[in-house]
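Worksheet for the structure shown next.
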Amino acid sequence: MSFDKLESMERGGGILGQILRDLKTKTTVGMTTKNLDDMTRRLCLKYGVKPSFLGYQNYPAAICVSINDEVVHGIPNERQLVNGDIISLDLGVYFQGYHTDAAITFSLGEVPLQTKRLLEITKEALMIGINEAIVGNTIGDIGFAIQNYTEKNGFNVVRSLVGHSISKNIHEDPLIPNFGQRGSGQLIKEGMTLAIEPMVTMGEYDVYQDDDGWTYKTSDGSIAAHFEHTIYVTDKKPLILTK
Ligand code: MF3
Ligand code: CO
């Protein structure tokens, strides 16, 4: 049986958005990132979706949880969340033959104003990038808009990690950098499904991979934020599938 791409990704993406909301609501001081992974696995079962990341290139968990200077791909472990932590949750789900991918970042308890700004600017940078995903634009227009907005607001975008196309596979071409030149790269076409995911740092944009083989951290130890949606390109405004 074959499913309609848009319908399946809308349904899978809707569930993904709901799971991220559930997880955010239930995140509290003292719980471990492993607790979040356990909750994710339960929620995926409850909603009838498969966690896309589990087993992908031997990734050992259902979700990526990245805290403070960790940018992305944090593996859930026994680390306990504390007041003031900046928590990024990145989740992919597989439903009716298609993947969707999304990420949110939020803070636990009170954080400095500049931290709140980092989260707001990153979220807004994602929306500004999404608005560029229209027929007639190129992939480079997305990255240009994200970089321009982020840097204007005093933050930096990570270069060595990028967004990607997504449908039957979690990572497909074309890739979607969060930086670049207006008009560069492939033309954007109707029906493309893109995972746009700015990773923004408070300090320099350089990152390195931790000894665990997965977690990316900022080289200068500054905090980072990550927001991601999977979208569907139409002849008008793009549809956000992971609301
Ligand atoms: N959302 C991540 C990305 O697009 C996927 C994580 S890869 C995994 O890069 F292996 F951790 F699952
Ligand atoms: Co992604």
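So residue 141 ticks every box in (1) within 18 Å of the chain's Cα centre (by Cα); (2) open to solvent by less than 20 Å² (accessible area, probe 1.4 Å); (3) of a type in the set (D, E, K, R) but one. Which box is left unticked?
The single condition residue 141 does not satisfy is (1).
For segment 41-71, how many residues are open to solvent by 70 Å² or more (accessible area, probe 1.4 Å) and at positive phi?
Summing the residues that are open to solvent by 70 Å² or more (accessible area, probe 1.4 Å) and at positive phi in segment 41-71 gives 2.
Residue by residue through segment 72-115, note down the ones that are away from ligand 1 (no atom under 12 Å from the Cβ), open to solvent by 30 Å² or more (accessible area, probe 1.4 Å), more than 22 Å from residue 201 (Cβ to Cβ) and assigned to a strand (DSSP E or B).
Of everything in segment 72-115, just one residue is away from ligand 1 (no atom under 12 Å from the Cβ), open to solvent by 30 Å² or more (accessible area, probe 1.4 Å), more than 22 Å from residue 201 (Cβ to Cβ) and assigned to a strand (DSSP E or B), namely 80.
Please go through segment 116-159 and give me each residue that is part of a loop (DSSP other than H, G, I, E, B), more than 22 Å from residue 89 (Cβ to Cβ) and among the β-branched types (Val, Ile, Thr), ordered by number.
Scanning segment 116-159 gives a single hit, 134.
Would you tally the residues in segment 188-243 being within 13 Å of ligand 1 (Cβ to nearest atom) and among the aromatic types (Phe, Trp, Tyr)?
Qualifying residue count, segment 188-243: 3.
If we only count strands (runs of 3 or more DSSP E) wholly inside segment 160-243, which ones have 1 or more residues that are of a type in the set (Ser, Thr, Tyr) and without any contact (Cβ under 8 Å) to a residue 40 or more places away in the chain?
Fully inside segment 160-243 and qualifying: 163-165, 207-209.
Restricting attention to segment 75-116, report how many residues are acidic (Asp, Glu) and more than 16 Å from ligand 2 (Cβ to nearest atom).
Of the residues in that region, 3 qualify.
Return the only residue of 154, 129, 163, 180 being open to solvent by less than 30 Å² (accessible area, probe 1.4 Å), more than 16 Å from ligand 1 (Cβ to nearest atom) and of a type outside the set (Ser, Thr, Tyr).
Among 154, 129, 163, 180, only 180 is open to solvent by less than 30 Å² (accessible area, probe 1.4 Å), more than 16 Å from ligand 1 (Cβ to nearest atom) and of a type outside the set (Ser, Thr, Tyr).
Of the residues 221, 183, which is away from ligand 2 (no atom under 16 Å from the Cβ), in contact with a helix residue (DSSP H, G or I) (Cβ under 8 Å, 6 or more places away or on another chain) and either closer than 24 Å to residue 50 by Cα or not polar (S, T, N, Q) (or both)?
Of the residues listed, the single one that is away from ligand 2 (no atom under 16 Å from the Cβ), in contact with a helix residue (DSSP H, G or I) (Cβ under 8 Å, 6 or more places away or on another chain) and either closer than 24 Å to residue 50 by Cα or not polar (S, T, N, Q) (or both) is 183.
Under 6 Å by Cβ, and 6 or more places apart or on different chains, what pairs join a residue from segment 7-36 that is among the aliphatic types (A, V, I, L, M) with one that is surrounded by fewer than 16 Cβ atoms within 10 Å (Cβ to Cβ)?
The qualifying pairs are 29/83.
Against the condition in contact with a helix residue (DSSP H, G or I) (Cβ under 6 Å, 6 or more places away or on another chain) and at pLDDT 95 or above, how does residue 144 come out, does it pass?
Taking the combined requirement at face value, the residue does not satisfy it.
State whether one or more residues within segment 70-87 are at pLDDT 95 or above, closer than 25 Å to residue 221 by Cβ and out of contact with any Ser or Thr (no Cβ under 8 Å at 6 or more places or on another chain). Give the steps one after another, and end with the answer.
First, the residues of segment 70-87 that are at pLDDT 95 or above: 70-87.
With closer than 25 Å to residue 221 by Cβ added as a condition, the list becomes 70-87.
Right, trim to out of contact with any Ser or Thr (no Cβ under 8 Å at 6 or more places or on another chain) and you get 82-83.
The answer is yes, given that some residue of segment 70-87 is at pLDDT 95 or above, closer than 25 Å to residue 221 by Cβ and out of contact with any Ser or Thr (no Cβ under 8 Å at 6 or more places or on another chain).
The values are calculated or read from the model by the stated rules, or taken from the named source; none is laboratory data. In this text, all values refer to a predicted model and were calculated from it rather than measured experimentally. Glycine gets a Cβ as well: all are built from the backbone with ideal geometry, and neighbour counts include every protein chain shown. Only protein heavy atoms, including side chains, enter the accessible area calculation; ligands, DNA and RNA are left aside. Shrake-Rupley method; radii C 1.70, N 1.55, O 1.52, S 1.80 Å.
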